[in-house]
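Structure first, commentary second.
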Amino acid sequence: MLRIAIADDHPIIRFAVRQVLEASGQVEIVGEARNGNEATALVERAQPDVLLLDLQMPEKDGFEALNEINALASPTKVLVLTMHDEPTYGVRAIQAGAHGVMHKTSDPEVLLQGIRSVMRGETVMPDAVRSLVGKRDLHPAHLLSAREREVMEYLARGYTNREIAAKLEISIKTVDTHRGHVLKKLGLRNNSDLTRFAIQHGYVSLTKAS
């Protein structure tokens with residue numbers, strides 16, 4: 001019996017996925033989460049075989065949850081379930097440590113196959129995502145350092161330089177320096193351009209984390 005956890009901020013999605021998987025007779029649902037914070041805590045507590053993770057959630061989104069789950073060194077496999085058709089979201093999820101990416105409109109049997117595949121150590125993703133994963137060097141964001149990506153993501157979520165400085169425990173001047181590097185490396189003019197870039201390429205959702 002596969003032990004599965006579901007992280008999605010929409011109750012009807014969690015209910016539907018639970019019903020579909022439990023009806024197969026192959027799955028036990030060991031917990032549900034409504035946001036990234038709860039998802040990380042659920043993995044740490046229940047150690048499911050597979051976590052089905054939404055990308056766009058309040059408080060902490062799926063990308064932030066992936067980073068925290070990876071830090072736990074948990075054996076749990078993470079299969080992202082998303083409504084996003086833009087393949088760069090899937091690429092971003094794989095680069096953040098997801099073991100697979102599937103669309104929420106997938107047929108129940110296809111979802112079960114995806115779960116079994118990631119349990120076997122395979123990486124599941126749409127063809128459009130797979131074709132981009134191998135071209136990471138061509139993605140402009142590869143030019144950014146890890147800290148520059150952090151600053152970009154916080155700016156795109158609407159945080160001020162002061163708020164970012166407090167979260168990252170660096171000076172406001174350093175935040176502004178990183179911002180300048182991001183704009184220059186990506187060929188952007190201002191924070192509006194930066195936000196559009198981050199959303200288009202799957203680095204943030206429209207939800208500001210708290």
So which of A65, A46, A39, A7 is under 19 Å from P108 (Cα atoms) and of a type in the set (A, V, I, L, M)? A7
Note on region 49-73: residues touching a strand residue (DSSP E or B) at 6+ places or on another chain (Cβ under 9 Å), surrounded by fewer than 20 Cβ atoms within 10 Å (Cβ to Cβ) and not charged (D, E, K, R) are Q56, N70
So A96 clears everything in (1) among the aliphatic types (A, V, I, L, M); (2) buried (at least 16 other Cβ atoms within 10 Å of the Cβ); (3) within 28 Å of V27 (Cβ to Cβ); (4) at pLDDT 90 or above except one condition, right? Which one? (4)
Out of the residues in region 87-118 meeting the condition of being among the hydrophobic types (A, V, I, L, M, F, W, C) and in contact (Cβ under 8 Å) with a residue 40 or more places away in the chain, tell me which one is farthest from L52 (Cα to Cα). V91
Taking region 66-93 and keeping residues among the small types (G, A, S) and modelled with pLDDT of 90 or more leaves none
Residues located in region 171-202, provided they are free of Cβ contacts under 8 Å to residues at least 12 places away in the same chain and not in a helix (DSSP H, G or I): S171, L188, R189, N190
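The values are calculated or read from the model by the stated rules, or taken from the named source; none is laboratory data. What you see is a predicted model; the values in this text were computed from it and never measured. Neighbour counts are summed over all protein chains in view; Cβ atoms, including those assigned to glycine, are modelled from backbone coordinates with ideal geometry.
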